[in-house]
1. At R0 = 30 Å, how high is the FRET efficiency between Glu276 and Asn226 if r is their beta carbon distance? Nearest 0.05 is fine.
2. Which percent of the Cα-Cα distances in the range 118-268 go past 20 Å?
3. If you stretched the chain out fully between Ser163 and Ala180, how much longer would it get, using 0.36 nm times the residue separation minus the C-alpha to C-alpha distance?
4. With a 1.4 Å probe and all protein chains left in place, how much of the accessible area of the chain comes from carbon and sulfur atoms, in whole percent?
5. Starting from the coordinates of the alpha-carbon atoms of the range 1-133, obtain the Kirkwood hydrodynamic radius over all distinct pairs and give the value in Å to one decimal.
6. At most 16 other C-beta atoms within 10 Å and a DSSP loop state: those are the exposed GluC sites (Glu not before Pro) I care about. Give me the longest piece of the chain that has none.
7. Taking each full run of DSSP H in the chain as one helix, which ones are at least 27 Å long along their axis (Cα atoms) and have mean Kyte-Doolittle hydropathy of at least 0.0?
8. As a check on your grasp of the helix formula, calculate [θ] at 222 nm for the chain: sum -39500 (n - 2.57) over DSSP H runs of n ≥ 4, divide by the residue count, round to the nearest 500.
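The values are calculated or read from the model by the stated rules, or taken from the named source; none is laboratory data. Keep in mind the model is a prediction, meaning the values are calculated, not measured. Cβ sites come from the backbone with ideal geometry, for glycine too, and all protein chains shown count toward neighbours. Remember, those area values only see protein heavy atoms, side chains included, never the ligands or the DNA or RNA. Shrake-Rupley method; radii C 1.70, N 1.55, O 1.52, S 1.80 Å.
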Amino acid sequence: MQRMVATWGAQLRWAALLAQPQGPSLDQVLICGMGGSGISGDFAAALCSAPVRVHKGYGLPAWAANSGTAVLAVSYSGNTEETLSAVEAARAGGLRLAAVTSGGRLLEVARSEGWPLVEVPGGLQPRAALGYLLGGVISLLGGWGISSIGPNELNAAAALTDSLLDKASAARLDASRLAASLDGRMVGVYGSEGLVAPAAQRWKTQINENAKWPAWWALLPELDHNEVLSWSSLSHITRDKVGLVVLRDRDEGARVAARVRITAEVMDRDVNWVGEVWSQGELPLERIVSLAVMGDLVSLELARLAGVDPVPVEAIEELKQKLAEEPS
Ligand code: PA5
């Protein structure tokens, strides 16, 4: 997994070279995908100013069926049943389709029906292919006039990623310090609405999948209206067994910054605020990717502390296998 994570920069540079398929100008897109693939949609939605919505489930949301929206299916394997079911619903509704995948049924259908398609290199774990998947999504959205992210932004993010992943980088040291403070604790990843939100979600899922470790994510300001209350009843457990990390971005806004400070003060009696991680770089793509890379590094450090191999995802595979044996 260390080797796969080290290819983040190369993946973004690969995406910078993609020819942008030219399509009609669209005003909204629905991205359908699960897990390590679906998160590319959340990143794209945070980066685009046009409406990009993300669907993670079977079929299509009720609003989409007759909306005329385009559907962009993202599945690294190309065989994820929820994503294929969304594709079937979109085909049945006559919606415009496109795909990002490395193979499987999705690749077959996309090729045979001539959809706009980005075929990403295979052989990785889906969650380790986010540079390819996000790059593919950005390229297709660009062709529809929904994303304006181009090669310069992708190359800048690639360069930043390389520097963060350098063996002697301060980021690696920060990640291992943070992981050491989180050792033995369930991890809450806090962020704020906007650019930081998908990064918080990605931290949570990377900690789950790479370290096989419980984690959740929540966002400001919403968590100030519910989760802030949750620390008193079980504080004899949570004080020592939960660690909170806050992801920050310079554009989070003054009110959010005040909320981070005051929320920490209010919760501090009962739960441990372990640290904060600031996004790096100038451009939104650099900043969101820098947070994601830090989350990858922390998740790998936690895996090392737990003594587990980050790569296998046996429970996910067992689930998929058992579901395949169920009558549909
Ligand atoms: O990280 C993983 O392996 C999972 O979260 C997968 O991404 C998820 O099960 C969906 O599979 P795919 O990405 O192949 O569509």
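1. 0.90
2. Here the tail beyond 20 Å accounts for 61 percent of pairs.
3. Separation in residues times 0.36 nm, less the Cα-Cα distance, equals 3.9 nm.
4. Carbon plus sulfur share of accessible area: 53 percent.
5. Here the Kirkwood hydrodynamic radius works out to 14.9 Å.
6. Result, exposed sites excluded: 1-192.
7. 284-306
8. -15500 deg cm²/dmol
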